Every structure is written in structure tokens, then in C-alpha cells.
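Novice: First, the structure itself, so that you have it in front of you.
What follows is calculated from the coordinates using simple rules that are stated; it is not laboratory data. Remember, predicted model here, so these are calculated numbers, not experimental data. Cβ sites come from the backbone with ideal geometry, for glycine too, and all protein chains shown count toward neighbours.
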Amino acid sequence: MTIVKINVHKVNAERNLKAKSGQVKINNNVSIKNVEDLEFNVENKKGLKFTFEFVCNYEPDLGKIAVEGQVLFVDEKSKVDEVKKSWDKDKKITMEIMEQIVNAALHKGNIQAIKISEDVSLPSPLPLPKVKAGPTSVPVSEKKKK
């Protein structure tokens, strides 16, 4: 399977200005909402559009960020037909494909949530790297001079 593109078509952010400050718990979730055929003109290949929703909830009742989009992928016609048939019948996808689709949706959703969280004054949904200042040390070459 090859992921061709990840599109975002909706971003929504809310911040509750009346929420009390304190310990904030952030819950991220991704769900697949729909699977549709994708028009793709390559011999013996076929594509699917996986519509996803990424939701980042800030608790207790501080805010919410929601991102909707599509993961487009292409594979052998027989594999794609099998995935589509399984989705239409039971709303299920094999773990192998689900893992790739959910990881792509998480990646895109988290990037969008990080960008929008700053605009609405919510904490980043992922911990960002920080520099820690430690005790200053004298380089080895300086020690030899003394």
C-alpha cells in the first residue's frame, strides 16, 4: 500500500474562557469515518479515500481541537477491492492497513493541532522539546592551561 496524499478539509478549535486553571489532561483520538473509491488511472492499481477525524480534548472542559481530512492510498486492484468490501460489510479494515492510515492521520492531525493550539491559547497537544541549562563546565583545553 502506498499513501499518496493526506488532505485536511476542516479544522475547528474552541477554548472555554470560563474554565478553571489547574491540571490539564489532553486526550487525542483518531477515527475513520468513511472509505470511498478514488479515481486513479494506473493499470492494475486502484485507490481509496479514508476520511478521518482527529480530536484533541482538553479536560476539564478547557477546549477542543478537531481536524477532519482524507488519507489517499493506492495499491493493487485486488487488495483495494478486498479492503473496500470489508469496510462496506462490517466497517472494518485489516490491522496492517489500519495502522498505516491511522498513523498518517495522527501525524497530520497533531501537526494541525500544534499550529492551531497556539492561536487559541491552548497547551500543545504534544510535549515540545525544551533546553535545560546545567552547570557550566570548563572545556578540557582550558583545564590544561591552568
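Novice: For the stretch 1-59, enumerate the residues that are among the small types (Gly, Ala, Ser) and either within 11 Å of Gln70 (Cα to Cα) or touching a strand residue (DSSP E or B) at 6+ places or on another chain (Cβ under 7 Å) (or both).
Specialist: Taking the stretch 1-59 first, the residues among the small types (Gly, Ala, Ser) are 13, 19, 21-22, 31, 47.
Ala13, Ser31, Gly47, listed by residue number.
Novice: Right, next: How many of the residues in the stretch 97-135 are under 19 Å from Val71 (Cβ atoms) and acidic (Asp, Glu)?
Specialist: 1
Novice: Another question, if that's okay. Please indicate, with yes or no, whether at least one residue in the stretch 104-126 is under 30 Å from Lys46 (Cβ atoms), out of contact with any Cys (no Cβ under 7 Å at 6 or more places or on another chain), aliphatic (A, V, I, L, M) and surrounded by 19 or more Cβ atoms within 10 Å (Cβ to Cβ).
Specialist: At the first step, the residues of the stretch 104-126 found to be under 30 Å from Lys46 (Cβ atoms) are 104-112.
Narrowing the set further to residues that are out of contact with any Cys (no Cβ under 7 Å at 6 or more places or on another chain) leaves 104-112.
Next, from what is left, pick out any that are aliphatic (A, V, I, L, M): 104-106, 111.
From what's left, surrounded by 19 or more Cβ atoms within 10 Å (Cβ to Cβ): 104-105.
Yes, because at least one residue in the stretch 104-126 is under 30 Å from Lys46 (Cβ atoms), out of contact with any Cys (no Cβ under 7 Å at 6 or more places or on another chain), aliphatic (A, V, I, L, M) and surrounded by 19 or more Cβ atoms within 10 Å (Cβ to Cβ).
Novice: Identify the residue in the stretch 46-93 that is closer than 17 Å to Pro123 by Cβ and of a type in the set (Phe, Trp, Tyr) and, among all such residues, is surrounded by the most Cβ atoms within 10 Å (Cβ to Cβ). Full working, then the answer.
Specialist: Keep residues of the stretch 46-93 that are closer than 17 Å to Pro123 by Cβ, which gives 54-67.
When the remaining residues are screened for being of a type in the set (Phe, Trp, Tyr), the result is 54, 58.
On the way: Phe54: 26, Tyr58: 21.
Out of the qualifying residues, it is Phe54.
Novice: In the stretch 6-33, which residues are over 19 Å from Pro125 (Cα atoms) and either in contact with an Asp or Glu (Cβ under 6 Å, 6 or more places away or on another chain) or loosely packed, with under 12 Cβ neighbours inside 10 Å (or both)? First the steps, then the outcome.
Specialist: So in the stretch 6-33, the residues over 19 Å from Pro125 (Cα atoms) come out as 6-7, 9, 18, 32-33.
Correct list: His9, Lys18, Lys33.
Novice: Sticking with this one: Does Asp61 satisfy being in contact (Cβ under 8 Å) with a residue 40 or more places away in the chain and farther than 25 Å from Lys92 by Cα? First the steps, then the outcome.
Specialist: Details: in contact (Cβ under 8 Å) with a residue 40 or more places away in the chain: yes; farther than 25 Å from Lys92 by Cα: yes.
When the stated conditions are applied, Asp61 passes them.
Novice: List the residue pairs whose Cβ atoms are under 8 Å apart, where the first residue sits in the stretch 35-49 and is of a type in the set (A, V, I, L, M), the second is surrounded by 10 or more Cβ atoms within 10 Å (Cβ to Cβ) and in a loop (DSSP other than H, G, I, E, B), and the two are 6 or more positions apart or on different chains.
Specialist: Val35/Ile93
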